[in-house]
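Data block below; observations after.
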């Protein structure tokens, strides 16, 4: 049978059909996304947090490190919407910059742990002897509570933003690697993978071209949850004095500053706590929405409920 000429009308019809199919798939995904309340609310909150973080210098107009002893511990007012702290620093400015710092740490940890966990999970799921080595190491890390392991590593490395990102990345890599490995084990048993192996495709080509796409959906969903968990752990470490060093504003540091004045100046704790709740809630709603959109089993279970 002669090969199909790419200049024939049939070839153009085939290309047009593929383009129309892609457009229809994008429209269908957009409709499903808009219909998913969790995804829409989470996306809106994340967009709000991103705008506040990017335009932090213009939102408050004050220096987050500027001391004003005369106005220390002022309650919320028109001049200071969130009040001031024990050094007279504007709390609104500190909360805005602290939210940006916590979000930066959460994003860096989610990105780095997802990348490392993807590599470990793919090779562990495809190469059996490597699985026994890598996953035993992951199980050893997974056995420790996240906060306890992070505190131990921060005590060894010292408090700094870079060390905190490294420690939290190590803490959250096992959860990512286990999920990616599960997807790789399922894809490995598929017929098309066996066919690619029989045709002589290289190991790396099979892993990255044919197995990796199937692991992206659960990886993205888990990465959104890691983002939220990293912010919580960062706040806990900074609250305990083992995270981001003061006076750098972060939500954990702000909560730590306010604990001594919680009875007389409760706004020093309330507003950073509300910001922390808002950020974590936004990421969890967004992650739940992504899971419903990308996982057909979760969608069917939700419809049954």
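Only one residue in 235, 230, 215 is within 22 Å of the chain's Cα centre (by Cα) and over 21 Å from residue 168 (Cα atoms). Which one?
215
Please list, ordered by first then second residue, the pairs with beta carbon atoms under 9 Å, 6 or more apart or interchain, first in region 176-197 and in contact (Cβ under 8 Å) with a residue 60 or more places away in the chain and at positive phi, second crowded, with 21+ Cβ neighbours inside 10 Å and not in a helix (DSSP H, G or I).
Pairs found: none.
Could you list all residues from region 243-261 that are buried (at least 22 other Cβ atoms within 10 Å of the Cβ) and either out of contact with any helix residue (DSSP H, G or I) (no Cβ under 6 Å at 6 or more places or on another chain) or farther than 15 Å from residue 275 by Cα (or both)?
243, 244, 257
Tell me, please, whether a residue that is under 20 Å from the mean Cα position of the chain (by Cα) and closer than 26 Å to residue 291 by Cα can be found in region 127-138.
So the first thing to find is which residues in region 127-138 are under 20 Å from the mean Cα position of the chain (by Cα), and the list is 138.
Next cut, closer than 26 Å to residue 291 by Cα only: 138.
Yes, because at least one residue in region 127-138 is under 20 Å from the mean Cα position of the chain (by Cα) and closer than 26 Å to residue 291 by Cα.
Taking the criterion of being more than 30 Å from residue 188 (Cβ to Cβ) and in contact with a helix residue (DSSP H, G or I) (Cβ under 8 Å, 6 or more places away or on another chain), would at least one residue in region 138-149 satisfy it?
Within region 138-149 (the criterion being more than 30 Å from residue 188 (Cβ to Cβ) and in contact with a helix residue (DSSP H, G or I) (Cβ under 8 Å, 6 or more places away or on another chain)), the answer is yes, since at least one residue qualifies.
Of the conditions (1) within 28 Å of residue 287 (Cα to Cα); (2) surrounded by fewer than 17 Cβ atoms within 10 Å (Cβ to Cβ), residue 181 satisfies every one except a single condition; which number is it?
Condition (2) is where residue 181 drops out.
Considering each of 207, 176, 165 in turn, give the residue that is modelled with pLDDT under 90 and surrounded by 19 or more Cβ atoms within 10 Å (Cβ to Cβ).
Of the residues listed, the single one that is modelled with pLDDT under 90 and surrounded by 19 or more Cβ atoms within 10 Å (Cβ to Cβ) is 207.
Quick check on region 262-293: of everything there that is farther than 21 Å from residue 229 by Cα and in contact (Cβ under 8 Å) with a residue 60 or more places away in the chain, which residue is surrounded by the fewest Cβ atoms within 10 Å (Cβ to Cβ)?
The selected residue is 264.
Look at region 1-29 and say how many of its residues are within 25 Å of residue 225 (Cα to Cα) and either at pLDDT below 70 or under 22 Å from the mean Cα position of the chain (by Cα) (or both).
Number of matching residues: 1.
Need the failing condition index for residue 47 against (1) over 22 Å from residue 282 (Cβ atoms); (2) within 29 Å of the chain's Cα centre (by Cα), just the number.
(1)
Taking region 232-261 as the region of interest, how many residues are closer than 11 Å to residue 101 by Cβ, in contact (Cβ under 8 Å) with a residue 24 or more places away in the chain and not in a loop (DSSP other than H, G, I, E, B)?
Here the count works out to 6.
Take region 122-145 and flag every residue that is surrounded by 19 or more Cβ atoms within 10 Å (Cβ to Cβ) and touching a residue at least 60 places away in the same chain (Cβ under 8 Å).
If the condition is that a residue be surrounded by 19 or more Cβ atoms within 10 Å (Cβ to Cβ) and touching a residue at least 60 places away in the same chain (Cβ under 8 Å), then 122, 123, 124, 125, 126 are the ones that fit.
Mind checking which helices (runs of 4 or more DSSP H) fall wholly inside region 117-203 and carry at least 2 residues that are farther than 23 Å from residue 105 by Cβ? Break it down into steps so the answer makes sense when it comes.
On the way: elements: 128-142, 146-157, 161-188, 191-198.
Once the helices (runs of 4 or more DSSP H) in region 117-203 are filtered for at least 2 residues that are farther than 23 Å from residue 105 by Cβ, what remains is 128-142, 161-188, 191-198.
Inside region 57-93, can you point out the residues that are surrounded by fewer than 16 Cβ atoms within 10 Å (Cβ to Cβ), part of a loop (DSSP other than H, G, I, E, B) and within 31 Å of the chain's Cα centre (by Cα)?
If the condition is that a residue be surrounded by fewer than 16 Cβ atoms within 10 Å (Cβ to Cβ), part of a loop (DSSP other than H, G, I, E, B) and within 31 Å of the chain's Cα centre (by Cα), then 61, 63, 65, 81 are the ones that fit.
The values are calculated or read from the model by the stated rules, or taken from the named source; none is laboratory data. Quantities reported herein were computed from a predicted structural model and do not represent experimental measurements. In this analysis, Cβ positions are derived from the backbone assuming ideal geometry, glycine residues included, and neighbour counts consider all displayed protein chains.
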